[in-house]
Amino acid sequence: MDDLTLSDGVVTLSPFRADDIDAHLAGEDEQLVRWLNGAPSTRAGTEAYVQRCTLHWATGGPARAFGIRTGSGTVLVGTIDLRFALPGLGPGQVNIAYGLYPDWRGRGLATRAVHLVCGYAADEGAAQGVIRVAPENHASAAVARRAGFRYAEAVTEPDGSLLDRYLRDLAPAAAGH
């Protein structure tokens, strides 16, 4: 897990880890809480999340959380998560969720991260990426479209929320996607 890195020369993805907690807590803002986390993160909750993530990485579990990094690959600018198993996913589908910290938005970094993680997901056996976005989250929908996803449908989640689903067929990273 520790030696896994995906990079395009601008963005580097590596597993989200315990030494990312402080930067994550400092970077979280109202938009991340609203669109991604659902509630403000706590140190205890984030530590438990990192422990679950570490277990999933070690065992090939269904959740893989990456830190999105830039510069020399050490500056944490956000996160991107894969879920290979989630209610509503079909066979071969993987859910992709991402968020950047405020100072890093609007630079194309999320789109780059989505492209990188799609190649990884395909290498892990996924055939189709799924991005679920609240209809009013225009920035996240724009990232999905820029990353080659197409709008598929609006779905009602088990909690009653309405989300737009964007889909993209995946190809292994070696195929240039």
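The values are calculated or read from the model by the stated rules, or taken from the named source; none is laboratory data. This one's a predicted model, so the numbers in the text were calculated from it and none came from an experiment. Reconstructed Cβ throughout: ideal geometry from the backbone, glycine too, with neighbour counts over all protein chains shown. Just so you know, the surface numbers come from the protein's heavy atoms only, side chains and all, with ligands and any DNA or RNA stripped out. Shrake-Rupley method; radii C 1.70, N 1.55, O 1.52, S 1.80 Å.
Please list, in order, the residues from segment 141-157 whose amide nitrogen is less than 15 Å from a point placed 7 Å along the Cα→Cβ vector of A171.
Within reach of a label on A171: 148-149.
Between D19 and V75, how many nm apart are label points set 7 Å from Cα along the C-beta direction?
1.8
Round to the nearest 10 and report in Å² the accessible area of I68, as given by a 1.4 Å probe over the protein chains' heavy atoms.
0
Around D29, under 14 Å between beta carbons, what's the net of Lys plus Arg minus Asp minus Glu among the other residues?
Net of charged neighbours comes to -1.
Let's test the formula: R0 of 22 Å, r as the Cβ-Cβ distance of Y151 and D8. What FRET efficiency results, to the nearest 0.05?
0.30
Distance in nm between label sites at L162 and L86, each 7 Å beyond Cα in the beta-carbon direction?
Label-label distance for L162 and L86, simple model: 2.0 nm.
For E30, E124, what's the largest-to-smallest order of accessible area, 1.4 Å probe? List each step's numbers first, then the result.
Details: E30 160, E124 95 Å².
From most exposed to least exposed: E30, E124.
Protein chains only, probe 1.4 Å: how do V10, V155, V130 rank by accessible area, largest first?
Greatest to least solvent exposure: V10, V155, V130.
Considering only the other residues whose Cβ falls under 13 Å of the Cβ of R69, what net charge follows from Lys and Arg at +1 and Asp and Glu at -1?
-1
Between segment 155-171 and segment 1-56, what's the alpha-carbon centroid distance in Å?
Value for the Cα centre distance between the two parts: 22 Å.
Between R43 and L55, 0.36 nm times their residue separation minus their Cα-Cα distance comes to what?
Roughly 2.5 nm would be gained on extension.
Could you give the accessible area per residue of segment 27-177, probe 1.4 Å, as a whole number in Å²?
Heavy-atom accessible area per residue stands at 48 Å².
Local charge sum around A85 (other residues, Cβ-Cβ under 13 Å, Lys/Arg +1, Asp/Glu -1)?
Value of the local net charge: 0.
Dipole of the chain, Cα-centred, from +1 at each Lys and Arg C-beta and -1 at each Asp and Glu C-beta, to the nearest 20 debye?
Dipole of the chain, to the nearest 20 debye: 400 debye.
Answer rounded, prolate or oblate for segment 82-138, using the Cα gyration tensor with square roots of eigenvalues a ≥ b ≥ c: rounded when a/c is under 1.5, else prolate when a/b is larger than b/c, else oblate. Let's see the in-between values first.
Values: a/c = 2.88, a/b = 1.52, b/c = 1.90.
It is oblate, given that a/c is not under 1.5 and a/b is not larger than b/c.
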